[in-house]
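A.B. asks: The structure follows.
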Amino acid sequence: MDTRLQELTDKIYQEGVEKGKEEAASIVNAAKKEAAKLVEAATKEAESITANAKASAEELSKNTVSELKITAAQMVEAVKQEITDLVNANIAASSVKPAIADPAFIQDMVKATLANWSKDDQVKVMVSDNDEAKVEKFVTSSLKGMFDKGIQVEKVNNIHAGFQVGPADGSYKVSFTDEDFLAFFKEYIRPRLAKMLFA
């Protein structure tokens, strides 16, 4: 009976071991399948993160290059403008200032302006302190007969060189001051100068 009991025990043991091995193999297989799924999901997620990071880096690089090109173009234009302004100011100062300081030039300008003024208006010519006596003498000797109502010459403190002309009632004035000539000359020459410098 002991032998039979031993055989029965061995058989139960063997069946338990076999069943345990089967269950262990099943658990290992399930774990391997789950691990494979996890690895596959992690790989896909890593690939997605890598692709997104690469796309973001490419977009950032593209935007940076684009912004650098725009900034460089703006800097070049700013430098061109600065050079044009410096040369323009230098040319204007060396050309316009001597002309506007020349009494003969001012007299010719006053004469040309007054010659085309309405003969029915009384005219007032406004000049700097320095030019008042010269212009007054010029008007008295050369132009007084052009107008029946006369021409007044008046000094104005804010005019450094040049003159302003307008009706005696002061309703408006036409300005030919050094600042006016400089501004006009600079605007006139700027496009031509830029073309000469950067064409």
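The values are calculated or read from the model by the stated rules, or taken from the named source; none is laboratory data. Since this is a predicted model, take the numbers as computed values, not measurements. Note that we place each Cβ from the backbone using ideal geometry, even for glycine, and neighbour counts take in every protein chain shown.
A.B. asks: Only one of 65, 110 is under 30 Å from residue 183 (Cα atoms) and either surrounded by 10 or more Cβ atoms within 10 Å (Cβ to Cβ) or free of Cβ contacts under 8 Å to residues at least 24 places away in the same chain (or both); which?
C.D. replies: 110
A.B. asks: Let me ask another. When you check residue 30 against the structure, is it at pLDDT below 90, part of a helix (DSSP H, G or I) and more than 21 Å from the chain's Cα centre (by Cα), yes or no?
C.D. replies: Judged against the criteria, residue 30 is a match.
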